[in-house]
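To keep things clear, I will list the structure first and then write my remarks on it.
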Amino acid sequence: MRERAGSLKARLVLRLALLFLVGTVVMYVAARVYGLRAADLSYDRLLAGSALSIAETLSVDGTQVRVDLPYAALDMLSAAPEDRVFYRVLGPDGKTITGYGDLPGIPAMHAAEQEPSEVPIPRFFDAAYRGQTVRFVVLGRQLAQPGLRGWVWVQVGQTRRAREELASDLLLGALLPITLLTMGALGLAWLGVGRALRPLEAISADLATREPHDLHPVRVPVPAEVGPMVDAMNGFMYRLEANIDTLRAFIGDAAHQIRTPLAALRAQAQLALDEDEPEQIRSGLLKVERNAARLTRLVNQLLSDAMVMHRADARDFEPLDLVEVIKRALRDAVPVSDDVQVGFISDAAQAPMRGDAVLLGEAIKNLVDNAIRHGTRGMSGPDAEVEVVLRQTQDGYRVAVSDHGPGIAPEDRARLFRRFERGDTRAAGAGLGMAIVSRVVRSHGGTIELIDRDGGGLTVCLEFGGRR
């Protein structure tokens, strides 16, 4: 049973939800920063206005600075009931004229390298005071009286509770639209993903309603991203249909080829049974034996053809030594007889390559068997000789199988590679040998060529690449 990996729609929406969650967190942080900044800008203006109001009341009485503190300026800051307001005025000598004398020092204002501007410019900073974080503003005013010269500093501070509340209100005001936007985006993503996956449902419906023998390509319009999958599926169905057609053709051809020899075998056996004379019975049995041998060869070649078709499609190639493959094939193909001589010549002790040793062995055996059957029939001596030669080429190897037979006419060579076609109709055979060789060579990316041999006969040349 096929293992289910979960819903593709749910996985896509989940990943989009994670993306939206990250975006929501980013927008939340941005809204938080914006809220704090907006609250600081609003309250900093009030803080600066209060300090400026105090600075404008400064006056000089002889050698003393007098402050007519406008309490209305501080009342503006006390509008937030939970906040506290602190202030102090520092004279030119750095002593507190009025206000809270223990307020935090002014950062970098007492350093000699940083003099205040002639124009009152408010300077803001945060500092801890009495267990709370307080926002301070410092404003300087220069005095140039005959009895007193220098800078007077006004420092006003306010706790941050009102600012935090304003920032929270701004954040909550922004958070609701962010949440609604995220939920809406997730809903649209769910609908969009579902709509985007409809072509897959259409493909499933198309395949589910087909008959088992219907392997025509899928024609459902699909997005570009799904196109490669549909192309791969169509390619697979094309290969499957080709294999099924090949199997059907093989079954039909096998049935046709076996039916006739079986009928002849049965008729000859029946005739032998009807004979009374021992010589006639023996003659009939010899005919039965010859037909049985032909039928056995036919069946073996049909099985070999089926095996080659399967392995050629699988292309399960491994490292091999072509020299050893040829030697093993010759041991299996050459009959135990002195009537035929088969020689093997190789210009290398080893010929490493990648391929299917079984298929290559079948091809060599069929070539040698054909050369013996058709190229040495009725011959003896040097003429009854088959030669197998292995040579290295620039890209691979060349295997040549030569005989001294009558050869094959050029116009008959093309049909020789078709199944159940024979070059010599008088000779025994099923006509599968060269078809098997051709399939093996094609599966290895090689080429096959028939050449007239010098001095008479035929040479079959196989060339393979991929030498390692």
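The values are calculated or read from the model by the stated rules, or taken from the named source; none is laboratory data. Computed from a prediction, not measured in an experiment: that's the story for all the values here. With ideal geometry, Cβ positions are generated from the backbone for all residues, glycine too; neighbour counts draw on all protein chains shown.
Say we look at the stretch 144-189 and pick out the residues that are part of a helix (DSSP H, G or I) and of a type in the set (Val, Ile, Thr); which of these is surrounded by the fewest Cβ atoms within 10 Å (Cβ to Cβ)? Don't jump to the end; show me each part of the working.
First pass over the stretch 144-189, keeping only residues part of a helix (DSSP H, G or I): 161-189.
Now narrow it down to the ones that are of a type in the set (Val, Ile, Thr): 178-179, 182.
Details: ILE178: 17, THR179: 12, THR182: 16.
My answer is THR179.
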Considering only residues that are at pLDDT 80 or above and among the acidic types (Asp, Glu), look in the stretch 209-244 and name the one that is nearest to the chain's Cα centre (by Cα).
ASP231
Go through (1) part of a helix (DSSP H, G or I); (2) of a type outside the set (Val, Ile, Thr); (3) under 23 Å from GLU463 (Cβ atoms) one by one and return the number of the condition ALA249 breaks.
(3)
Which numbered condition LEU303 misses (of (1) under 15 Å from ALA435 (Cα atoms); (2) surrounded by 13 or more Cβ atoms within 10 Å (Cβ to Cβ); (3) not assigned by TED's automatic domain parsing to the domain that holds SER438)
(2)
Regarding SER204, is this residue loosely packed, with under 13 Cβ neighbours inside 10 Å and either assigned to a helix (DSSP H, G or I) or in contact with a Lys or Arg (Cβ under 9 Å, 6 or more places away or on another chain) (or both)?
yes
Taking the stretch 207-247 and keeping only residues that are hydroxyl-bearing (Ser, Thr, Tyr) and more than 28 Å from ASP305 (Cα to Cα), one is left with THR209
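Would you check if GLN350 is surrounded by fewer than 17 Cβ atoms within 10 Å (Cβ to Cβ) and under 21 Å from ASP403 (Cβ atoms)? Walk me through it before giving the result.
Working: surrounded by fewer than 17 Cβ atoms within 10 Å (Cβ to Cβ): yes; under 21 Å from ASP403 (Cβ atoms): no.
Here the answer is no, as GLN350 does not meet what is asked.
Tell me the strands (runs of 3 or more DSSP E) entirely within the stretch 263-370 that contain at least 3 residues that are touching a strand residue (DSSP E or B) at 6+ places or on another chain (Cβ under 8 Å), within 18 Å of HIS444 (Cβ to Cβ) and not aromatic (Phe, Trp, Tyr). Reasoning before the result, please.
Details: elements: 318-321, 341-346, 352-355.
By residue number, 318-321, 352-355.
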Quick check on my filter: what residues within the stretch 434-456 are modelled with pLDDT under 85 and in contact with a Ser or Thr (Cβ under 9 Å, 6 or more places away or on another chain)?
ARG453
Condition broken by ASP214, with the remaining ones in (1) assigned by TED's automatic domain parsing to the domain that holds MET309; (2) surrounded by 13 or more Cβ atoms within 10 Å (Cβ to Cβ) satisfied:
(2)
